[in-house]
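One structure is given below, encoded as structure tokens.
The values are calculated or read from the model by the stated rules, or taken from the named source; none is laboratory data. Predicted model, so just to flag it, every value in this text is computed and none were measured. Counting neighbours? That spans all protein chains shown, and the Cβs are built from the backbone with ideal geometry, glycine included.
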Amino acid sequence: MKELTKRQKQILDFIQHKQDFETLTPTLREIASHFRFSSPNAALAHVTALRAKGFLKNSLGRARSLQVIGRKPVSGVVPLATTRELAGGTPALTSSRPQVVSVPIYGSIPAGRPMDATQEEEGCVLIDVDTLGIKPTTRTFGLKVQGDSMVGKSIIDGDVAIIEHGVQPRSGDVVAALIDGQVTLKTFVLQQGKPYLRAENPRYPNLIPQEELQIQGVMVALVRRRR
């Protein structure tokens, strides 16, 4: 590998730090803001140089899903995950990340009152494939959770829900849904053949579709950022 300039080393350290302590890869805009570059294009130039020198690579062929090559993550930085099997219980912790991949984050999703939202890539989140027991595909993405309507399933504000698009939901699955034109994260329930969305917090009502209910994906894991 070629030697790094001082600035390139600083940027590489910044990316590594964000991945180790926040399990998130910074966007070009975040890199530019941190180093006070005039535009994200300057950050892109440095990232491109780091890739060319073999210190960074793109995971799964997705933009901005960068992985640092040849460095180990800081020990003790662990994801908090719930899968279908764990969704009703206490999330599992792990002490190592033998196989880490990155999943793109497409904005936020309310775990509260439904609201309008758009899906725009905002960097990525690192997940431990072996620990979570999932295999990310091109249809896997993350959504930042906003609100407290799902606390009964250990999903809290600030978590990143890992969603698999195209999966047929089962009653009891946590889903990202579009209900009457607005998005929300809720439990999918089938009652007498009719679907509705259930909050896991008694402060929030069940959501019964008046016109349409589209399931955008099923939650297969949950990542909790260090606070």
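For segment 165-182, give me each residue that is among the acidic types (D, E) and at pLDDT below 90. Give the steps one after another, and end with the answer.
Step one: of segment 165-182, the residues among the acidic types (D, E) are 173, 180.
Of everything in segment 165-182, just one residue is among the acidic types (D, E) and at pLDDT below 90, namely D180.
Only one residue in K135, K186, K144 is at pLDDT below 95, part of a strand (DSSP E or B) and either in contact with a strand residue (DSSP E or B) (Cβ under 7 Å, 6 or more places away or on another chain) or closer than 17 Å to L222 by Cβ (or both). Which one?
K144
Of all residues being within 13 Å of the chain's Cα centre (by Cα), of a type outside the set (A, V, I, L, M, F, W, C) and crowded, with 18+ Cβ neighbours inside 10 Å in segment 156-172, which is farthest from G133 (Cα to Cα)? Just the residue, please.
Once the filter is applied, the top-ranked residue is D159.
When only residues in segment 180-202 that are under 21 Å from K144 (Cβ atoms) and not polar (S, T, N, Q) count, which is surrounded by the most Cβ atoms within 10 Å (Cβ to Cβ)?
Residue satisfying both the conditions and the ranking: L185.
What number of residues within segment 1-28 are surrounded by 15 or more Cβ atoms within 10 Å (Cβ to Cβ) and among the basic types (K, R)?
Residues meeting the conditions: 1.
If you take the residues of segment 45-58 that are of a type outside the set (D, E, K, R) and surrounded by 15 or more Cβ atoms within 10 Å (Cβ to Cβ), which of them is farthest from Q10 (Cα to Cα)? Steps first, answer last, please.
Of the residues in segment 45-58, the ones of a type outside the set (D, E, K, R) are 45-50, 52, 54-56, 58.
So of that shortlist, the ones also surrounded by 15 or more Cβ atoms within 10 Å (Cβ to Cβ) come out as 46-47, 49-50, 55-56, 58.
Numbers: H46: 10, V47: 11, A49: 13, L50: 11, F55: 12, L56: 13, N58: 19 Å.
Going through the qualifying residues, I end up with N58.
Identify the single condition in (1) surrounded by 21 or more Cβ atoms within 10 Å (Cβ to Cβ); (2) in contact with a Phe, Trp or Tyr (Cβ under 8 Å, 6 or more places away or on another chain); (3) part of a loop (DSSP other than H, G, I, E, B) that A177 does not satisfy, given that it satisfies every other one.
(3)
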